[in-house]
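Worksheet for the structure shown next.
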Amino acid sequence: MTRVLVDIRANQPTGIARYGANLLRELAVLASVGDTPRLTAYVDPVQATVAREAIGTAPVRLLVAAEPDGFVRRSAELRTLLGSGEFDLYHTTHYTLDRRCPIPYSYTVHDLTRLRFPEHDYGREQFVRHFGSAQWTALGAELAALSDWDDGHGGTFRRYFRALNRALAAGASRIVAVSRATGDDLVRLLGVPAGAIDLVPCAVRTEIFHRRPPAEVTAARVRYALPGPYCLYVGLAGPIKRFDWLLARWLAAAERFPADARLVVVGGYAEARPEVVALLRDASAAGSVVFTGRVDDDTLAALYSGASALLVASRNEGNHLGPLEALACGCEVVCTDIPPLRETVDGHAHFYPLTDAARLTRLVDSALRGTLPRLGAGFAVPRWPDSGRALVDSLRRALTGHTDGPTGGHDTHAGRADRSGAGPARRTEVR
C-alpha cells in the first residue's frame, strides 16, 4: 500500500490553516472506509488538538512537529522523516515546501498574488516584522541557492518567491489549485501544463455554517452591542485584502447610513494595523466600527446569519471561505469584481469594480436599509466531502505519475503552456 505524508502546517491561523484542517477531516472519513492511500498527518503543535478531533478514530497516523517551521520551509526534522524511506509521497496544503524535498511531492497553490502584483512585494522591514530577521537571512541564502531559477527582477523577496515557485512547480508530481483562476495563473506565470493541475476548492462545513435561529443571532448581537443593522468584514486585513480602503470608504459614508449601523470586523489583526489606528483616530464615525477579535465558528455563523451583508474588498484571492460561508448562512455578499470571486459566487453576489467607491457605498447603504436584492437564494453550497474526494484523486495521480489531464473539473483554457520564462525545464535538484 502506498504511503502519503499530508502536511497541513500553516504560518498563521488563517484560511489556509482552515483549508488544511477541513481537508484532513475529509481524508479521515475516506480513510475509515479504506478509500485512501495509507495516510500520516503532519501538523504544528498549535494544530494538534484540531487535528486529533479531525482524525477521530480513523486509521490516520498523526505526527506533531517538534516546533513550527518558518516562512522559509527547510525543517531538518521533516527532511529526515521524508528521507527515512517510510513515505512514497509528500503533500502539503501550504503554498510552498522545502525545495530539497527528498521524495516525490505535490502541493497546493492558493494564489500567486505576489507574482501578479509586484508592487505588494515584501520589503525587508515588513518581512522582518512579520517573520523575524532569522527568516530574512534564510530567505537570502535560499535565493542564492536558487540562482538557476532567479530572473533577477525586483526586490529580494519577489526574486526569491518567483524563483522558488518556478523550481517547485517544475519538480512537482502534481499541483493542486484552489480555483480555476489560480490554475490559470499557474499556467500563465509559471508555465505549468494545465494537465498537471488538479482543482481542490474551498468549501463549507454546512453542519456549522447554516442560517442560525433568531435566539443565537440575538445572543451575538448582545455580546457585541449591535442594536441595529450591520455589515461584516471577516479575515486578514493586509494590503491585498484592502481593508484600509474599505474602512476609509465606510467612515466617509457613515453619516448616510442608519444611525445605529455598524461595520463588524472579525479577525485578530485589523485593529492593530497602524493604518487602521490612524484612520480611526480622528474619525467622527469611529464608534460605528466594532472589532470582535477572533471568534469561534458557531459565533461566526450567528454573525453571518444576522448581517445585512458580508463586505469583501480584495484585489485578488485564490478562493475565499468568507463569501461561501456567508451565503450558506443566508447572508448577502458585496464583493470586488475579480475572477476568483466571479468563479465561485457569480449570480449570487453583488459585485463592484475595484476602485468604484460610489458603487460600494450604494450597495452598503441598500444592504443596511434592507433594500438590497436577495441574490444569495439558491446558491449551491460547495461541500468539503467533494473537495476531500478531489484531493484523494490528486494524490493517486501523483503516486501513479498520471499526467493525462486535471481532476476536479479544472478547465483552464490554456491547455498548452508556454514555458518561456519559466526557468530550466528540469526537476529541482535534491541534495
| remark: Note on the stretch 71-100: residues surrounded by fewer than 16 Cβ atoms within 10 Å (Cβ to Cβ) and of a type outside the set (D, E, K, R) are Ala76, Thr80, Gly83, Ser84, Gly85
| Which numbered condition Asp244 fails, given (1) outside any strand (DSSP E or B); (2) in contact with a Ser or Thr (Cβ under 9 Å, 6 or more places away or on another chain); (3) closer than 23 Å to Leu354 by Cα | (2)
| Considering only the stretch 86-106, how many residues are under 24 Å from the mean Cα position of the chain (by Cα) and acidic (Asp, Glu)? | 1
| query | Mind checking which residues of the stretch 186-208 are in contact (Cβ under 8 Å) with a residue 60 or more places away in the chain, surrounded by fewer than 23 Cβ atoms within 10 Å (Cβ to Cβ) and part of a loop (DSSP other than H, G, I, E, B)? | reply | Gly191, Pro193, Arg205, Thr206, Ile208
| query | Could you say which residue among Phe117, Phe161 is closer than 30 Å to Leu81 by Cα and under 19 Å from the mean Cα position of the chain (by Cα)? | reply | Phe161
| note | Going through (1) within 20 Å of the chain's Cα centre (by Cα); (2) within 23 Å of Ala307 (Cα to Cα); (3) touching a residue at least 24 places away in the same chain (Cβ under 8 Å) one by one, Trp384 fails only at (2)
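Yes or no, residue by residue, for (1) at pLDDT 95 or above; (2) acidic (Asp, Glu); (3) on the phi < 0 side of the Ramachandran plot; (4) out of contact with any strand residue (DSSP E or B) (no Cβ under 7 Å at 6 or more places or on another chain):
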residue: Arg256; (1), (2), (3), (4): yes, no, yes, yes
residue: Arg281; (1), (2), (3), (4): no, no, yes, yes
residue: Ala286; (1), (2), (3), (4): yes, no, yes, yes
residue: Phe291; (1), (2), (3), (4): yes, no, yes, no
residue: Ser308; (1), (2), (3), (4): yes, no, yes, no
| request: Run down Leu247, Leu251, Leu226 and say which single residue is touching a Leu at 6+ places or on another chain (Cβ under 6 Å), more than 28 Å from Tyr105 (Cβ to Cβ), outside the structural domain of Ala170 (by TED's automatic domain parsing) and among the hydrophobic types (A, V, I, L, M, F, W, C). | output: Leu247
| request: Tell me, yes or no, whether the stretch 34-51 has at least one residue that is polar (S, T, N, Q), part of a helix (DSSP H, G or I) and touching a Pro at 6+ places or on another chain (Cβ under 9 Å). | output: yes
| field | Residue in the stretch 368-388 that is farther than 27 Å from Leu263 by Cβ and among the acidic types (Asp, Glu) present | value | yes
| said: Quick check on my filter: what residues within the stretch 253-279 are assigned to a helix (DSSP H, G or I), among the hydrophobic types (A, V, I, L, M, F, W, C) and in contact (Cβ under 8 Å) with a residue 12 or more places away in the chain? | reply: Ala253, Ala254, Ala270, Val276, Leu279
| field | Residue check, Arg73 without any contact (Cβ under 8 Å) to a residue 24 or more places away in the chain and either touching a strand residue (DSSP E or B) at 6+ places or on another chain (Cβ under 9 Å) or in a loop (DSSP other than H, G, I, E, B) (or both) | value | no
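From Ala278, Ala261, Ala270, Ala219, grab the single residue that is touching a Cys at 6+ places or on another chain (Cβ under 9 Å) and among the small types (Gly, Ala, Ser).
Working: Ala278 fails: touching a Cys at 6+ places or on another chain (Cβ under 9 Å); Ala270 fails: touching a Cys at 6+ places or on another chain (Cβ under 9 Å); Ala219 fails: touching a Cys at 6+ places or on another chain (Cβ under 9 Å).
Going through Ala278, Ala261, Ala270, Ala219 in turn, the sole match is Ala261.
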| field | Long-range neighbours under 9 Å by Cβ, at least six apart or interchain, first residue in the same structural domain as Asp69 (by TED's automatic domain parsing) and closer than 12 Å to Ile8 by Cβ within the stretch 21-42, second surrounded by 22 or more Cβ atoms within 10 Å (Cβ to Cβ) and basic (Lys, Arg) | value | Tyr42/Arg9
| query | Take the residues of the stretch 1-26 that are at pLDDT below 95 and hydrophobic (A, V, I, L, M, F, W, C): which is surrounded by the fewest Cβ atoms within 10 Å (Cβ to Cβ)? | reply | Met1
| Counting only residues that are within 21 Å of the chain's Cα centre (by Cα) and at pLDDT below 95, which one in the stretch 51-71 is nearest to Ala163 (Cα to Cα)? | Phe71
| message | Can you say whether Gly287 is under 27 Å from the mean Cα position of the chain (by Cα) and either in the same structural domain as His130 (by TED's automatic domain parsing) or more than 27 Å from Pro353 (Cα to Cα) (or both), as far as the supplied structure shows? | response | no
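The values are calculated or read from the model by the stated rules, or taken from the named source; none is laboratory data. What you see is a predicted model, and the numbers here were worked out from it, not measured in a lab. Reconstructed Cβ throughout: ideal geometry from the backbone, glycine too, with neighbour counts over all protein chains shown.
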